[in-house]
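This report refers to the structure that appears directly beneath it.
Values quoted throughout were computed directly from the atomic coordinates according to the rules given, and no laboratory measurement underlies them. Being a predicted model, the structure only gives us computed values, none of them experimental. Don't worry about glycine lacking a Cβ; one is built from the backbone with ideal geometry, like all the others, and counts go over all protein chains shown.
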Amino acid sequence: KTDFINFISDQEWKSIEPVSSWFGPSSFLMSSMSALFQLSVWIRHCHSYLTEDVGLPVWGSYAIFALTTLFSGLMLGLV
């Protein structure tokens with residue numbers, strides 16, 4: 001904490017170059033990373049629903065996700 005306060009009070013932050021716009025929070029790259037993170041949270045939620053609420057075994061949930069991935073890849077390949 002004291003190092004951070006000294007960093008701010010000594011104004012050492014002025015000598016640091018700003019982050020490139022490519023890595024900014026509103027850039028295409030960071031928006032894509034955010035979408036992938038949201039997808040992973042949704043997949044985890046679906047896995048929990050299938051295993052806990054529906055009572056499907058864990059391997060059954062994995063099989064569903066594997067078949068869905070395979071089927072969506074085949075559909076995208078056809079398109």
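Listing for the model above:
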{"item": "Correct option for Rg/Rh (Cα atoms, Kirkwood Rh) [calculated from the coordinates] among [x] 1.10; [y] 1.29; [z] 0.97", "result": "[y]"}
{"item": "Cβ crowding within 10 Å averaged over residues, with 57-67, 35-45 ranked highest first", "result": "57-67, 35-45"}
{"item": "Helix-only CD estimate at 222 nm, as mean residue ellipticity for the chain, using -39500 (n - 2.57) per DSSP H run (n ≥ 4)", "result": "-21000 deg cm²/dmol"}
{"item": "Rounded to the nearest 20 debye, dipole of the chain from Cβ charges on Lys, Arg, Asp, Glu", "result": "200"}
{"item": "Per-residue ³J(HN,Hα) for segment 25-30, Karplus 6.51 cos²θ - 1.76 cosθ + 1.60, θ = phi - 60°, Hz, x for Gly and Pro", "result": "x, 9, 6, 4, 4, 6"}
{"item": "Residue-span extension gain [Leu74 to Asp3] - 0.36 nm each, minus C-alpha spacing", "result": "20.2 nm"}
{"item": "Degrees separating the helix 58-78 axis from the principal Cα axis of the chain, which is the longest one", "result": "80"}
